[in-house]
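> Just dropping this structure here.
The values are calculated or read from the model by the stated rules, or taken from the named source; none is laboratory data. All values reported here derive from a predicted model rather than from experimental measurement. Note that we place each Cβ from the backbone using ideal geometry, even for glycine, and neighbour counts take in every protein chain shown.
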Amino acid sequence: MLRMGDLEVHLINDGLMRLDAGGAFGLVPRVLWSQVITADEHNLVPMTLRCLAVRTSGKTIIVDTGLGDKLSARMRAIWHLERPEGGLLDGLARLGMRPETVDLVINTHLHADHCGGNTRLDESGAVVPVFPNAEYVVQRREYEDAMQPNERTRATYFPVNYQPLAAAGQLRLLEREEEELAPGVFAVRTPGHTPGHMCVRLESGGEQALFVCDLATLAVHFVRLGWMTAYDVEPLVTLETKRRWTRWALENNALLIFSHDSQIAAGRLVQAGDGLPEIAPVPFPCA
């Protein structure tokens, strides 16, 4: 657990997936990316499914919901999903949090590995919200793109993860570049991975943190501006968005929290001895 002023911040791991290194690194040559991560014999690299649980001003907030529990055996195999310690709900239970006590769910974007846990199947097979009393929020542009996917994006946008929330009146669409959703919890638009992608900025007690999400899928993506995934819809926009936020991270000595990096959960951007930036890891165990 991390205490930042009035904020209580927990990391929860929804599991570990393994994806093709070509997706994780796009145009980056293997000779370069293999210096920072090792692929298995099938060219798969491990990627975590970290979510946040934040308590502030009497509210409980979840940031991203992982892959959820609606996956078929085939889909679990495609994601190579492993959950030795259970998923998001198991982590919440270890913290004494129940789904019905969650007030707000922030979806950084609507790719399946970040919002699959928004909904579940009830006993009758109907799709219902996992967090029945929560308001869910996402950028309007992200929702519109997700509801009209194209040949490039339809493999990861599944309306079952978010359209039922809109139908139930539990989904609010954000339109500002930055919006304070609760004291010290800010949703900030960080386009590139998708046009409507968001990060979550935390600020309290004179400290700053950023849940980086897929602005930088792995910590090395944050440091090396030219590195990005094959999944980024607008890679040159990603580059310029990262340029802005790396400056911010240095200026504010901000804690950076990474969704998918299996080696670095959190760290601070620092100038190395050669003058180049690097991530100095900060211990932040998952619940």
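> Kindly list, by first and then second residue, each pair from a residue in the range 73-89 that is among the small types (Gly, Ala, Ser) to a residue that is outside any loop (DSSP other than H, G, I, E, B), limited to pairs with Cβ atoms under 7 Å and residues at least 6 apart or on different chains.
Close Cβ pairs (under 7 Å, with a partner that is outside any loop (DSSP other than H, G, I, E, B)) amount to Gly87/Asp14; Gly87/Gly15.
> Moving on. Could you tell me which of the residues Thr56, Thr65, Thr119 is touching a residue at least 24 places away in the same chain (Cβ under 8 Å) and closer than 16 Å to Ile12 by Cβ?
Answer to the check: Thr65.
> Also: Could you give every pair whose Cβ atoms fall below 6 Å, whose first residue belongs to the range 228-250 and is on the phi > 0 side of the Ramachandran plot and free of Cβ contacts under 8 Å to residues at least 40 places away in the same chain, and whose second residue is surrounded by fewer than 17 Cβ atoms within 10 Å (Cβ to Cβ) and aliphatic (A, V, I, L, M), counting only separations of at least 6 or pairs across chains?
Every condition considered, no pair remains.
> Considering (1) exposed (fewer than 14 other Cβ atoms within 10 Å of the Cβ); (2) at pLDDT below 95; (3) in contact with an Asp or Glu (Cβ under 9 Å, 6 or more places away or on another chain), say which one Glu123 fails and leave the rest.
Only one criterion in (1) exposed (fewer than 14 other Cβ atoms within 10 Å of the Cβ); (2) at pLDDT below 95; (3) in contact with an Asp or Glu (Cβ under 9 Å, 6 or more places away or on another chain) is unmet by Glu123, namely (3).
> Among the residues of the range 222-239, which ones are under 19 Å from Thr108 (Cβ atoms), over 16 Å from the mean Cα position of the chain (by Cα) and in a helix (DSSP H, G or I)?
Pro235, Val237, Leu239
> Anything in the range 64-105 that is part of a helix (DSSP H, G or I), among the basic types (Lys, Arg) and farther than 22 Å from Val200 by Cβ? List them, or say none.
Those that are part of a helix (DSSP H, G or I), among the basic types (Lys, Arg) and farther than 22 Å from Val200 by Cβ: Arg74, Arg76.
> Strands (runs of 3 or more DSSP E) wholly in the range 146-214 with at least 2 residues that are more than 24 Å from Gly68 (Cβ to Cβ), touching a residue at least 24 places away in the same chain (Cβ under 8 Å) and hydrophobic (A, V, I, L, M, F, W, C) - which ones?
Fully inside the range 146-214 and qualifying: 207-211.
> Tell me yes or no: at least one residue of the range 124-140 is among the basic types (Lys, Arg), under 25 Å from Glu179 (Cβ atoms), more than 17 Å from the chain's Cα centre (by Cα) and not in a loop (DSSP other than H, G, I, E, B).
yes
> May I pose another question? Tell me whether the range 184-199 contains one or more residues that are surrounded by fewer than 16 Cβ atoms within 10 Å (Cβ to Cβ) and of a type in the set (Gly, Ala, Ser).
No, because not a single residue in the range 184-199 is surrounded by fewer than 16 Cβ atoms within 10 Å (Cβ to Cβ) and of a type in the set (Gly, Ala, Ser).
> Go through Asp6, Asp14, Asp90 for me and flag whichever is among the acidic types (Asp, Glu) and crowded, with 18+ Cβ neighbours inside 10 Å.
Testing whether each residue is among the acidic types (Asp, Glu) and crowded, with 18+ Cβ neighbours inside 10 Å leaves just Asp14.
> Part of a loop (DSSP other than H, G, I, E, B) and in contact with a strand residue (DSSP E or B) (Cβ under 8 Å, 6 or more places away or on another chain): is that true of Thr108 in this structure?
Considered against the rule, which asks whether it is part of a loop (DSSP other than H, G, I, E, B) and in contact with a strand residue (DSSP E or B) (Cβ under 8 Å, 6 or more places away or on another chain), Thr108 comes out as yes.
> Assess whether Gly68 counts as being crowded, with 22+ Cβ neighbours inside 10 Å and on the phi > 0 side of the Ramachandran plot.
Yes; evaluated as a whole, the condition is true for this residue.
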